[in-house]
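Encoded as structure tokens, the structure appears first; notes follow it.
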Amino acid sequence: MPGMRSKFPIEDNKNKIEPTFSNGEKAGMALCLAMFLFGLSDGDLPLCFFSASFLVYELHVLLKKARRDEDWFMSNLLKGMSIAMFVGSIAMAVC
């Protein structure tokens, strides 16, 4: 019997596999992909860069999971590239 009503007993949580992405992240990626496709069809380059930066950032999670934390250099490279794309999209929108 669990000590608190909101949690499962510790024994039940041992075998549970944690998903790669939460439902909110999946929904965010779907919305971001729709924004990217809209930006491509409309010719809005800053919107394409903005949405692609989020998709590249989420790609580093898949790379980490696929390589089991061995390829940290590529993961950090993708994070840095997504930050640079985000800042570039803001600069393109302002200028």
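To keep it simple, each residue is scored yes or no on (1) modelled with pLDDT of 95 or more; (2) hydroxyl-bearing (Ser, Thr, Tyr); (3) more than 26 Å from residue 19 (Cβ to Cβ).
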| residue | (1), (2), (3) |
| --- | --- |
| 31 | yes, no, no |
| 34 | yes, no, no |
| 43 | no, no, yes |
| 57 | no, yes, no |
| 62 | no, no, no |
| 68 | no, no, no |
| 74 | no, no, no |
| 78 | no, no, no |
| 92 | no, no, yes |
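Output the number of residues of region 36-58 satisfying the condition of being of a type outside the set (Phe, Trp, Tyr), surrounded by fewer than 16 Cβ atoms within 10 Å (Cβ to Cβ) and part of a helix (DSSP H, G or I).
5
Report, by residue number, each residue of region 60-73 that is assigned to a helix (DSSP H, G or I) and either surrounded by 13 or more Cβ atoms within 10 Å (Cβ to Cβ) or in contact with a Ser or Thr (Cβ under 6 Å, 6 or more places away or on another chain) (or both).
If the condition is that a residue be assigned to a helix (DSSP H, G or I) and either surrounded by 13 or more Cβ atoms within 10 Å (Cβ to Cβ) or in contact with a Ser or Thr (Cβ under 6 Å, 6 or more places away or on another chain) (or both), then 60, 61, 62, 63, 64, 65 are the ones that fit.
Could you check region 29-84 and list, in sequence order, the residues that are of a type in the set (D, E, K, R), at negative phi and out of contact with any His (no Cβ under 8 Å at 6 or more places or on another chain)?
Once the filter is applied, which keeps residues that are of a type in the set (D, E, K, R), at negative phi and out of contact with any His (no Cβ under 8 Å at 6 or more places or on another chain), region 29-84 yields 42, 44, 58, 64, 65, 67, 70, 71.
Could you grab me the full set of residues in region 43-82 that are among the aromatic types (Phe, Trp, Tyr) and closer than 30 Å to residue 94 by Cα?
49, 50, 54, 57
In region 59-94, which residues are more than 14 Å from the chain's Cα centre (by Cα) and basic (Lys, Arg)?
Hits for region 59-94 are 67, 68.
The values are calculated or read from the model by the stated rules, or taken from the named source; none is laboratory data. Please read all numbers here as calculations on a predicted model, not as lab measurements. Cβ atoms come from the backbone with ideal geometry, glycine included; neighbour counts cover every protein chain shown.
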